[in-house]
Amino acid sequence: MARSLIPDPLTRRHLLEKKLDAAQAGRIGEAYLAAGRAVEALAFLKAADATDRLAAIRDEAIAAGDAFLLRETAKAMAQSAAADEWRVLADNATAAEKVLYADQARRQLGREG
């Protein structure tokens, strides 16, 4: 069986505290994604400066109606989510019966004006 690229929590913290090379950070981020752990992947993808991959995760969050993942991805990218993104996310969350995420998206729209 192949050794997992996903570090244990303490190692994860140490890796994020030190300066990882972009390739290693990217591999760890992708391992988290492969395991279905997108939120944990974000810090490594940010360290890898994988802006295209972060943007793809942001798009996936909007399509899935996942307000938490959109918020965390926007934070990792240092870019606030736009009103249209929240609007689409709210519609997608409603369609997927993710009531809490739909409500969060609508509240976010209310804050933006």
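The values are calculated or read from the model by the stated rules, or taken from the named source; none is laboratory data. Being a predicted model, the structure only gives us computed values, none of them experimental. Positions of Cβ are generated from backbone atoms using ideal geometry, with glycine treated the same way; all protein chains shown enter the neighbour counts.
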Subject >> Tally of residues being aliphatic (A, V, I, L, M) and either under 19 Å from residue 36 (Cβ atoms) or assigned to a loop (DSSP other than H, G, I, E, B) (or both) across segment 57-92 >> reply: 12
Subject >> Tally of residues being surrounded by fewer than 19 Cβ atoms within 10 Å (Cβ to Cβ) and of a type in the set (Ser, Thr, Tyr) across segment 92-108 >> reply: 1
Subject >> Qualifying residues in segment 18-30 (those that are closer than 12 Å to residue 47 by Cβ and assigned to a helix (DSSP H, G or I)) - the one nearest to the chain's Cα centre (by Cα) >> reply: 29
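Every residue, every condition in (1) of a type in the set (Asp, Glu); (2) under 20 Å from residue 74 (Cβ atoms); (3) modelled with pLDDT under 95, yes or no:
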| residue | (1), (2), (3) |
| --- | --- |
| 3 | no, no, yes |
| 9 | no, no, yes |
| 17 | yes, no, yes |
| 30 | yes, no, no |
Subject >> Which listed residue, of 33, 15, is farther than 23 Å from residue 60 by Cβ and in a helix (DSSP H, G or I) >> reply: 15
Subject >> Count of segment 8-50 residues which are surrounded by fewer than 16 Cβ atoms within 10 Å (Cβ to Cβ) and either assigned by TED's automatic domain parsing to the domain that holds residue 67 or charged (D, E, K, R) (or both) >> reply: 9
**OP:** State whether one or more residues within segment 53-62 are in contact with an Asp or Glu (Cβ under 8 Å, 6 or more places away or on another chain), farther than 27 Å from residue 6 by Cβ and not assigned by TED's automatic domain parsing to the domain that holds residue 21.
**Re:** no
Original post:
Between residues in segment 21-46 that are touching a residue at least 40 places away in the same chain (Cβ under 8 Å) and residues that are among the β-branched types (Val, Ile, Thr) and part of a helix (DSSP H, G or I), which pairs lie under 8 Å by C-beta distance while being six or more apart or on different chains?
Top reply: none
**OP:** Return yes or no: is residue 45 over 15 Å from the mean Cα position of the chain (by Cα) and hydrophobic (A, V, I, L, M, F, W, C)?
**Re:** no
